[in-house]
1. Just order 277-284, 52-59, 199-206 by mean Cβ neighbour count inside 10 Å, highest at the front, would you?
2. Leaving out same-chain residues fewer than 8 places away, which aspartates and glutamates sit with a Cα under 20 Å from that of K221?
3. Taking neighbour Cβ counts within 10 Å as the exposure measure, how do R148, R262 sort from fewest upward?
4. Using the count of nearby Cβ atoms within 10 Å as a rough guide to exposure, how do V129, V181 rank from fewest to most?
5. If you wrap a convex hull around the C-alpha atoms of segment 91-217 and split its volume per residue, what is the figure in Å³?
6. Once the Cβ-Cβ distance between T156 and N248 is put in as r, and R0 is 22 Å, what FRET efficiency do you end up with, to the nearest 0.05?
7. Chymotrypsin sites (Phe, Trp or Tyr not before Pro) within segment 122-217: which are DSSP loop residues with at most 15 other Cβ atoms inside 10 Å?
8. Take each uninterrupted DSSP H stretch in the chain, measure its Cα extent along the helix axis, and return the ones at 27 Å or beyond whose mean Kyte-Doolittle hydropathy is at least 0.0.
Amino acid sequence: MRTGLQKWMLAVGAAAFFMLPLTSRAQLTTLDIASRDNMQSHVAGHTGHVDDGKDDYHRYCEGCHGDMGDGNGEVAQWLQPPMWPKPRNFQLGVFKCRSTPTGTLPTDDDLFDAITRGFDRSAMPIWSVFTKYQLANLVAYVKHFSPRFVSEKPGTPITIPPEPEVTPERIKNGREVFNRVQCWKCHGVQGMANGPSASTLQDDLGFPIAPFNFTDGTRPKCGDTDQDIYRIFMTGLDGTPMPSFADNIKPDEAWDLVFYLRTLMKQPSKAKEIAKTLNLKPVNPNP
Ligand code: HEC
Ligand code: HEC
């Protein structure tokens, strides 16, 4: 006869045994990661090497992103979404800030820019203090955690047509696009991050995530030039509910939408100036 405790231990043992294949798939081994030690990056006129990025990674990045690049560094436990997103798990090879279509790998330049820029509204610091050479090595180091960078090539960056002149017509048309493709569902009709879906959103790892608030003066994570904003909604932030609208918005319309978003944002812009004279009302999805 087994005691209750023995039965319980058997059950836990069996559960752990069946979990093994799952956990080993989710978490790569040191050996697997080391097999990509020859990973390189080609960015900012340098060739980056894993070996040369190692010291900087362990000194400056490991505390958050972890020794194994799985996002489980010592600091991770203190970061509570949605206020403070968890550090990125590099083993998955999924990145928010890309010039490449949704679902594809970022270019070395994208990773370089993301690391240099830092992430507003997150613990990810701005790393512009490093030399370009150090950054190129860090890009190689980040890439070597994920087998995706061996089996796949980065996507082809999307084409962004030259920025047209902002006009009242373009702003009004951008407002129509914002309504039609339902940006308001998450971002809210005034861009205040309070749309009907906002409170239900989760990232791919199941953590709560808030939409971007256009009105509070914070900066988009993936850059704040007009080109960056165009790129954000035409490529999407992979790993989050923020989708790519490349199939729903034509390039010319995309510029109109950028101008409309500028009118919602706190930062001064020409579009905001023009909007003052238009007396624009928030979109009304159910007229
Ligand atoms: C204090 C914690 C912290 C440190 C230190 C840190 N990061 Fe991060 N990093 C984060 C967090 C948090 C995110 C996720 C931000 C988000 O998704 O909004 C992130 C995201 C990233 C991304 C993802 C970019 C993308 O487009 O998705 C890269 C690449 C990155 N970090 C590289 C680095 C490198 C290289 C270093 C060291 C030089 C470093 N990080 C140091 C917290 C940190
Ligand atoms: C299903 C919900 C959802 C819809 C629909 C949606 N977004 Fe988002 N959006 C998000 C979430 C969530 C984030 C925050 C991602 C993060 O911080 O990692 C976001 C972030 C953004 C950002 C800031 C990105 C950055 O780099 O920080 C911009 C700009 C943006 N969205 C524009 C749009 C536009 C324009 C539309 C419509 C064409 C749209 N979104 C539709 C959920 C959505």
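Nothing in this text is a laboratory measurement; each read-out follows from the coordinates by a stated rule. These figures come from a predicted structure and were not determined experimentally. Here the Cβ positions follow ideal geometry from the backbone for every residue, glycine too, while neighbour counts run over all protein chains shown.
1. 52-59, 199-206, 277-284
2. Within reach: D108, D109, D110, D113, D120, D203, D204, D238.
3. Taking fewest neighbouring Cβ atoms as first place, the list is R148, R262.
4. Working: V129 10, V181 16.
The most exposed by this proxy come first: V129, V181.
5. With only Cα atoms used, segment 91-217 gives 161 Å³ per residue.
6. Using R0 = 22 Å, I get an efficiency of 0.65.
7. F130
8. Span-like helices, by this rule, are 4-26.
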